[in-house]
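Below: one structure, written as structure tokens.
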């Protein structure tokens, strides 16, 4: 499939796309059967994104080098006050500075 | 019909502008993680959900079985189930093919705008919905291509400090959920469980085990009566 696509990655992307579409149409399919979602189910579904993304953050912090840890610690308070782009820039500049001066 | 479409497109324009940097960043990071320009663009075109696309990139490189990657993408996109359940009542007059096409374009801002419009008793027409959604979609795919195309010139991501962008980006999204019920407990339990699983079970199980711990906690805690989760307007598929 040339330089544009590799078979393995393309299949993986197709699988990811099917999974994503399933979530987008899923509530429509569910609501046609249930009148409303039970509260505990809704609370569980509601928690899924934060829970999943936390599992990508915490081990990256624990296993990361010192520069990565400092950058994440700097980005956290920035994220509480500002939007995503300033947060990314703050973390990025921090990691560059740490690696340049200590690295 | 046509005026509805353009009204939707005008509504989508500010969202479009705010998502363009993310699309370019995604494209550049995708190439840095070994995807081709075509694959990066394809991913934006058929997944069209930013956070899960970045989760995919994070997991592609680590010898992780395909089903775990796909399950993780599914899990990050889980919130769409709540969105489509919530906007279905406003689409009662759509035909089934129109509904199925609309759900493909369902993102955080699309959900927020559709609910706002529907609840203010303005008609949610298919043309308006498509005008809003296609505006964001076209920009997302085009800028992913541009980011990937120019990203090829960059070489090793670590030399540029780009390796920290994904964890920091995910940290930002997690913090964006901080107003939700029981956020602190869920994040803490998932964090501890994922770190423990990372050390004692190994990658990639830390993702599913850590997430499972947080979700079980959410289901076990006493439910609150009126759970409303209209998200703040964020990038396409935050």
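Just so you know, all these numbers are worked out from the coordinates, no wet-lab data involved. Owing to the predicted nature of the structure, the values given are computational and were not obtained by experimental measurement. Backbone-built Cβ (ideal geometry, glycine too); neighbour counts: all protein chains shown.
Remarks
- Order of B:163, B:63 under a 10 Å beta carbon neighbour criterion, fewest first: B:63, B:163
- Normalised alpha carbon radius of gyration of the protein assembly as shown [divisor 2.2 N^0.38 Å]: 0.97
- Considering the range B:2-159, its Cα convex hull presents a mean projected area of 9.9 nm².
- Burial ordering of B:200, B:149, fewest other beta-carbon atoms within 10 Å first: B:200, B:149
- Protection-proxy order for peptides B:55-61, B:89-95, B:107-113, each taking the mean of Cβ atoms within 10 Å per residue, highest first: B:107-113, B:55-61, B:89-95
- The range A:48-103 shape via C-alpha gyration tensor axes, a/c threshold 1.5: oblate
- Inter-part distance where the range B:81-96 and the range A:1-58 are each reduced to a Cα centre, Å: 18
- Anisotropy class of the range B:163-220 from Cα gyration tensor, a/c 1.5 cut: oblate
- Centroid-to-centroid separation of the range B:127-160 and the range A:78-103 [C-alpha atoms, Å]: 23
- Residue-averaged beta-carbon neighbours from other chains (10 angstrom radius) around A:61-69: 3
- Among A:29, A:14, A:56, the largest mean-square fluctuation in a Gaussian network model of chain A, built with springs joining Cα atoms closer than 10 Å, belongs to A:14.
- Legend: ranking of residues B:119, A:42 from fewest to most surrounding C-beta atoms inside 10 Å; resulting order B:119, A:42.
- In terms of its alpha-carbon gyration tensor, chain A comes out oblate; a/c meets the 1.5 threshold, while b/c is at least as large as a/b.
- Within 10 Å of each Cβ in A:82-88, the average number of Cβ atoms from other chains: 6
- Exercise: per-residue mean of other protein chain Cβ atoms within 10 Å, B:193-201: 4
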